[in-house]
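The values are calculated or read from the model by the stated rules, or taken from the named source; none is laboratory data. All figures in this text were calculated on a predicted structure; none of them were measured in a lab. Methodologically, a virtual Cβ is constructed for each residue, glycine included, from the backbone with ideal geometry; neighbour enumeration extends over all protein chains shown.
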Amino acid sequence: MLTEKKILELEQKANDIRISVIEMLLEAGSGHSAGSLGMADIFTILFFHILKHDPKNPFWEGRDRLILSNGHIAPVYYATMAHAGYFPIEELKTLRKFGTRLQGHPHREYMPWLETSSGPLGSGLSQAVGMALADRMDCGADTHRFIYCLMSDGELDEGNSWEAAMLAGKHKLRNLIAVVDRNNIQIEGFTEDIMPLEPLSDKWRAFNWHVIETVGHDFKSLNEAFEEAQAIFEKPTVIIAHTVPGQGVDFMEHDFKWHGIPPGIRDMTGEPSKEEQGKLALRELRTLGGKIKSEHQ
Amino acid sequence: MLNPKLKLNPKIFSLGCEQVPTRKGFGEGLLKAGELDKNVVALCADLTESTMMNLFADKFPDRFVQVGVAEQNLVTVASGLSAMGKIPFCSSYAMFSPGRNWEQIRTTIAYNGRKVVIVGSHSGISVGADGGTHQALEDVALMRVLPNTDVISPCDAIEAKKATLALAKTPKPAYLRLFREKTPVVTTEETSFEPGKAQIFWLPDVGLAQVGIIVSGGLMHLALLAAKELEAEGIKTKVMNLATIKPIDTDAILELAKECKAMVTIEEHQVAGGMGSAVAEVLVESFPVPIEFIGVRDKFGQSGTPDELIEKYGLGKDSIKKAVKKVLKRKV
């Protein structure tokens, strides 16, 4: 049940997470901005409403599993986990620095409660398929756990992604829910220019998946999508979440230039100066935070 | 003489010596491992019979995953199964796994610390008629370079079975290297096997050995035949079975080097990066001695019978004897 009050809380939480993401990236001086901001709402609804998990008991057997396949959006993963109570928010500042638990791409040797290490693209979904198969071997149809896999649209260029999709379809893995961050960009340009993915929904349907398309920034729609995915019994489900890369920071939105860089390191034509980028981003997010409150109050 | 302590097969030097492929030992070992531990699961990429995984798949269909011809998926799905507490064995031909899917093995298994056993059958030149595309001569190099990963290349079917059972208990990512062809059964059920421990299979009747011969895999019987003939010619050798290439048994290798002060390594693999290289890495750091490497020298394989190919690429008994005599002359 997603009440208006809960939606307000989630919006504020997502905004706090975006602020953390920008602060982390500024401090690190490298890292991926666009996807991290674009996926903040989905991470928020998962960790603060959908997932069965316990930050104080991260190895609890009965937890849902969440695989982040496109590990380069680690900033939003770490920020969300810190805000959820897995580790101190203060530690976010160590991102990408020597000795940190917050490796540039997630590595579970440093943070054992991460469900996997990732970075090289296209192999998260197959790990999630393995988890879903193991869950079925152990629990059969009685399972109450879900395996979630968050993936990028760009990594659907990888053959391994579709090998995994085919196997999940074969086994009708209803305990598997994939979320594709359909932000239409990848590092060198727009997905449809680099390697066209459309018709994307049809592709997944052809692999025997149940497909839900939704806006990736609307908590009510996202919640409905997850509830529908959980209720599907015959097939694995993919939620194709239409997101805005750089969501929340005006000068970054929809712009593939911000895929793989942080604010504050590079002057680019048509963008604020590098000295201004971080300040502008934070100011905008902090103002937005105020807006969220006033709109609902 | 054959090391009497190890209870090796006394028929190894006779013509009627039993021949069994190592992959059969794996198949039987996996079935047994499955019976002993319900968490053992198996995955295959459309080569279930070829890799003898069918014994397990037939007995435990609910714990077997057929992924189709998709080796990248094979190992990554195995990683996911391991994350949930399963002990996955995934088999294919070595050329495809770890040949095709090396990065997936690196990231999702080795880097991730997932207890998955990669089983590469049809390694080496002895694959024969299928030709160079199917003869994995680089797989040991690929796998031993990965941190946190064990590499085992059994010398016969019985040892392959023991290695499989041992790997089902190991808490680490591992690679098990197998051969297509039948090879003479060198060991017996009574021969001890412990991962990480090298064993001396052949030693002089009296006195010290002049050359140490280290073998991984199916060429062991040829090394023993060579050692026997060399003994008749008055050259004393010790033959070591280095089934576990990683973690390498440094102490045993140094002990052999200190006794013999000259070594020959034998494997069905590229000389570059293989077991011989691993032995050389140990020796040059602590006790440098002359080494002759028996292996494939920067060439791809081709079609032929195993015997023809072993001869062509200089891996046969006469090549071994020649290498022993050559290294003997290099001793200082």
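Of all residues in region A:31-52, none satisfies being modelled with pLDDT under 95 and either surrounded by 20 or more Cβ atoms within 10 Å (Cβ to Cβ) or closer than 18 Å to A:Val179 by Cβ (or both). The set of residues in region A:156-171 being within 13 Å of chain B (Cβ to nearest Cβ) and assigned to a helix (DSSP H, G or I) consists of A:Gly159, A:Asn160, A:Ser161, A:Trp162, A:Glu163, A:Ala164, A:Ala165, A:Met166, A:Leu167, A:Ala168, A:Gly169, A:Lys170. Does at least one position in region B:165-174 carry a residue that is of a type outside the set (S, T, N, Q), closer than 15 Å to B:Val215 by Cβ and assigned to a loop (DSSP other than H, G, I, E, B)? Within region B:165-174, not a single residue is of a type outside the set (S, T, N, Q), closer than 15 Å to B:Val215 by Cβ and assigned to a loop (DSSP other than H, G, I, E, B).
Scan region B:294-332 for residues that are among the hydroxyl-bearing types (Ser, Thr, Tyr) and more than 18 Å from B:His122 (Cβ to Cβ) and report the count. Residues flagged as among the hydroxyl-bearing types (Ser, Thr, Tyr) and more than 18 Å from B:His122 (Cβ to Cβ) within region B:294-332 amount to 1.
Answer with yes or no whether B:Ser91 is in contact with a Ser or Thr (Cβ under 6 Å, 6 or more places away or on another chain) and free of Cβ contacts under 8 Å to residues at least 40 places away in the same chain. The answer is no for B:Ser91. Output the residue which, of all residues in region A:202-223 that are in contact with a Gly (Cβ under 8 Å, 6 or more places away or on another chain) and more than 24 Å from A:Lys13 (Cβ to Cβ), is surrounded by the fewest Cβ atoms within 10 Å (Cβ to Cβ). Across region A:202-223, the extreme among qualifying residues is A:Asn208.
Among the residues of region B:9-45, count how many are assigned to a helix (DSSP H, G or I) and of a type outside the set (Val, Ile, Thr).
Result for region B:9-45: 17.
Table: residues versus (1) away from chain B (no Cβ under 13 Å); (2) surrounded by fewer than 23 Cβ atoms within 10 Å (Cβ to Cβ).
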| residue | (1), (2) |
| --- | --- |
| A:Phe98 | yes, yes |
| A:Arg101 | yes, yes |
| A:His105 | no, yes |
| A:Trp113 | no, yes |
| A:Gly119 | no, yes |
| A:Gly122 | no, no |
| A:Gly140 | no, yes |
| A:Leu150 | yes, no |
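B:Gly207 satisfies every condition listed in (1) more than 19 Å from B:Gln270 (Cβ to Cβ); (2) of a type outside the set (Phe, Trp, Tyr); (3) assigned by TED's automatic domain parsing to the domain that holds B:Met95 except (3). Going by what's in this entry, would A:His72 be described as touching a Leu at 6+ places or on another chain (Cβ under 7 Å), more than 12 Å from every other protein chain (Cβ to nearest Cβ) and either touching a residue at least 24 places away in the same chain (Cβ under 8 Å) or among the acidic types (Asp, Glu) (or both)? Considered against the rule, which asks whether it is touching a Leu at 6+ places or on another chain (Cβ under 7 Å), more than 12 Å from every other protein chain (Cβ to nearest Cβ) and either touching a residue at least 24 places away in the same chain (Cβ under 8 Å) or among the acidic types (Asp, Glu) (or both), A:His72 comes out as no. Only a single item in (1) in contact (Cβ under 8 Å) with a residue 60 or more places away in the chain; (2) within 14 Å of chain B (Cβ to nearest Cβ) is not met by A:Phe59, and it is number (1).
The single residue among B:Ser82, B:Ser14 that is over 22 Å from the mean Cα position of the chain (by Cα) and outside the structural domain of B:Glu103 (by TED's automatic domain parsing) turns out to be B:Ser14.
Suppose we filter region A:224-259 for residues that are among the hydroxyl-bearing types (Ser, Thr, Tyr) and touching a Gly at 6+ places or on another chain (Cβ under 6 Å); how many remain?
Number satisfying all stated conditions: 1.
Restricting region B:277-332 to residues that are more than 26 Å from B:Lys228 (Cβ to Cβ) and of a type in the set (Val, Ile, Thr) leaves a set whose member that is farthest from the chain's Cα centre (by Cα) is B:Val332. For region B:203-301, the strands (runs of 3 or more DSSP E) that sit wholly inside it and include 3 or more residues that are touching a residue at least 12 places away in the same chain (Cβ under 8 Å) and over 24 Å from B:Pro21 (Cβ atoms) are B:291-296. Take residues that are within 14 Å of another protein chain (Cβ to nearest Cβ) and among the polar types (S, T, N, Q) and tell me which of the helices (runs of 4 or more DSSP H) falling wholly in region B:46-164 contain 2 or more. Per the criteria, B:71-83. Spot the failing condition for B:Glu103; the list is (1) touching a residue at least 12 places away in the same chain (Cβ under 8 Å); (2) within 23 Å of the chain's Cα centre (by Cα), and only one is missed. Only one criterion in (1) touching a residue at least 12 places away in the same chain (Cβ under 8 Å); (2) within 23 Å of the chain's Cα centre (by Cα) is unmet by B:Glu103, namely (1).
Filter region B:10-45 down to the residues that are without any contact (Cβ under 8 Å) to a residue 40 or more places away in the chain and surrounded by 21 or more Cβ atoms within 10 Å (Cβ to Cβ), then identify the one that is nearest to the other protein chains (Cβ to nearest Cβ). Here the answer is B:Gly34. Of all residues in region B:302-332, those that are hydrophobic (A, V, I, L, M, F, W, C), in a loop (DSSP other than H, G, I, E, B) and modelled with pLDDT of 95 or more total 1.
Within region A:124-138, the set of residues being in contact with a helix residue (DSSP H, G or I) (Cβ under 8 Å, 6 or more places away or on another chain) and facing chain B (nearest Cβ under 7 Å) comprises A:Ser126, A:Gln127, A:Ala128, A:Val129, A:Gly130, A:Met131, A:Leu133, A:Ala134, A:Met137.
The lone criterion from (1) buried (at least 24 other Cβ atoms within 10 Å of the Cβ); (2) of a type in the set (Lys, Arg); (3) over 15 Å from A:Leu150 (Cβ atoms) left unmet by A:Arg65 is number (3).
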